[in-house]
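K.L.:
The structure is given below, and queries will be raised subsequently.
Coordinate-derived values only; no laboratory data. Source: prediction; values computed, not measured. Cβ coordinates were reconstructed from backbone atoms using ideal geometry, including for glycine residues, and neighbour counts include every protein chain displayed.
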Amino acid sequence: MATVGDVCTRSPRVCGMEATLAEAAKVMWEADCGAIPVVDAERKVVGMITDRDIAMALATRGEGAAGTRVRDIAQTRVVACRADESMAVAFSRMAKFQLRRLPVVGADGRIEGLLSLSDAVRCSGRWMGPKGEDVGAGAIVQVLQAIGVSPDTKMTMKVPAK
């Protein structure tokens, strides 16, 4: 059974609460990602910030928003997962909370990775749920529907055999 740790991006780029939106946007640009975890001095996850959060701040606050601190707009109610959790658990959590990304944290709350839908789609193989059910392509479609993305109904998602 594939775990989050098998699939996630390890050691993701992060920023602190005192970073500016311009600095956070630069980190996202350099990492070619749409969201980054926000961490404290001990690298414990204290929030998430997305490219959409930054775009909305710029649209509503004007050009001066680039100097706004991440702490002022970061999402601080963070839903996370652990590296040893199954992909079925992670997909369920993504669908329940309508998320595209989950920070992966250790028992101490420190960042270990970042799980995105892109990571999951790139992963080959089958993910088996706790009852032995295949939770591959169907789980991805469920998450996409939960976050408001309609999958192409003419597209057939094929999951490679073991």
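K.L.:
Between GLY16 and residues 5 or more places away or on another chain, which pairs have amide H atoms under 5 Å apart, with H built 1.01 Å from N, and which residues are they?
P.N.:
Those qualifying (amide H under 5 Å, at least 5 residues apart or on another chain) are VAL39.
K.L.:
Tell me the net charge near ILE36. Cut-off is 11 Å between Cβ atoms, ILE36 excluded, with +1 for each Lys or Arg and -1 for each Asp or Glu.
P.N.:
Around ILE36, the surrounding residues sum to -1.
K.L.:
Which net charge results when you count Lys and Arg as +1 and Asp and Glu as -1 among the other residues whose beta-carbon is under 13 Å from that of ILE111?
P.N.:
Here the count lands on +3.
K.L.:
Also, I was wondering about something else. Run the simple label-point estimate for ALA31 and ARG10 please: 7 Å along Cα→C-beta, distance reported in nm.
P.N.:
1.6
K.L.:
What's log10 of I(q)/I(0) for segment 47-127 at q = 0.18 Å⁻¹, Debye sum over Cα points only, no solvent?
P.N.:
Computed log10 I(q)/I(0) values: -0.82.
K.L.:
Where does segment 57-101 land on the Kirkwood hydrodynamic radius, alpha-carbon pairs, in angstrom?
P.N.:
13.0
K.L.:
Report the FRET efficiency, 1/(1 + (r/R0)^6), for ALA22 and GLN75, where r is their Cβ-Cβ distance and R0 is 22 Å, rounded to 0.05.
P.N.:
0.75
K.L.:
Using only alpha carbons, build the gyration tensor for segment 1-56 and give me the equivalent ellipsoid semi-axes, biggest first, whole Å.
P.N.:
After scaling each eigenvalue by five and taking roots: 21, 14, 9 Å.
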